[in-house]
Amino acid sequence: MTITTSDLHEPAVVETGAVDESALSASEFPGGMGADLDTETAVTSGVEAAFLTALMWAPADMARQVRQIMAVTERWDPFWSPAHREIFEAICVVLDSGAPPNPALVQAQLFETGRLPAVAGQLLAITSPTRGPVVGGVDLPHLAAKVIDQWYRRGYAGLLARMAQVRETVSVEELAGHWANLTGHQQRAEELWLTKRDQLAKL
């Protein structure tokens, strides 16, 4: 099973000139957020920030397990905020080196790669939260699961927007093919969502 979630290239085009939804990612569909954009953006950013805070303060063994489930690849990117994605990647580098992912080491990693100025504000908010993470990292799997939920919700909103666009722009004869592609895309996204949720529930 493969589903792209971070490639932002132009949508694949089939020989007929129609968009091939089966090759699209959740972030490639238009309208990735719902109607209340401000609220959803704030909630999504808040969840991602809380997850990163918990990840940096969790026991190293638990942090490494969650990192494996949430790792960003060409086929999977659950983050809405580019800055949060960069901070997560820095945390992964620290973890992969065998060190605990504490804020000082993460900040040093970002500095060494020249990325600190771009994410300094977000990093400060994450490392100095108004409410600290639960001791022992017990909230980390739950926050990771919510990040995944928000990714799936964005994909669903984008899928609905794409369906509406197709309905207005293609002939009746073409609708069945688009419907099949869109349905397949939704099923792959749901499978990935359920798989990662199940992995987190076992921690």
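The values are calculated or read from the model by the stated rules, or taken from the named source; none is laboratory data. Remember, predicted model here, so these are calculated numbers, not experimental data. Note that each Cβ is placed from the backbone with ideal geometry, even for glycine, and that neighbours are counted across all protein chains shown. Quick note on the areas: whole protein, heavy atoms, side chains included, nothing else; ligands and nucleic acids left out. Shrake-Rupley method; radii C 1.70, N 1.55, O 1.52, S 1.80 Å.
Observations, loosely collected:
- Selected residue (criterion: nearest to Tyr152 (Cα to Cα)) from residues of region 70-81 that are touching a Ser or Thr at 6+ places or on another chain (Cβ under 9 Å) and open to solvent by less than 40 Å² (accessible area, probe 1.4 Å): Pro78
- Selection within region 164-203 - touching a residue at least 40 places away in the same chain (Cβ under 8 Å), assigned to a helix (DSSP H, G or I), under 22 Å from Met70 (Cβ atoms) and not acidic (Asp, Glu): His185, Arg188, Ala189, Leu192, Trp193, Lys196, Arg197, Gln199, Leu200, Ala201
- Taking the listed residues Glu191, Glu168, Glu173, Glu112, the one that is surrounded by fewer than 13 Cβ atoms within 10 Å (Cβ to Cβ), farther than 17 Å from Val72 by Cβ, under 19 Å from the mean Cα position of the chain (by Cα) and not small (Gly, Ala, Ser) is Glu191, with no other qualifying.
Listed here are the residues, each with its yes/no results for (1) modelled with pLDDT under 65; (2) part of a loop (DSSP other than H, G, I, E, B).
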residue: Ser22; (1), (2): yes, no
residue: Pro30; (1), (2): yes, yes
residue: Ala35; (1), (2): yes, yes
residue: Glu48; (1), (2): no, no
residue: Leu52; (1), (2): no, no
residue: Met62; (1), (2): no, no
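- Search result, residues across region 82-109 that are in contact with a Phe, Trp or Tyr (Cβ under 7 Å, 6 or more places away or on another chain) and either over 15 Å from Arg64 (Cα atoms) or open to solvent by 50 Å² or more (accessible area, probe 1.4 Å) (or both): Arg85
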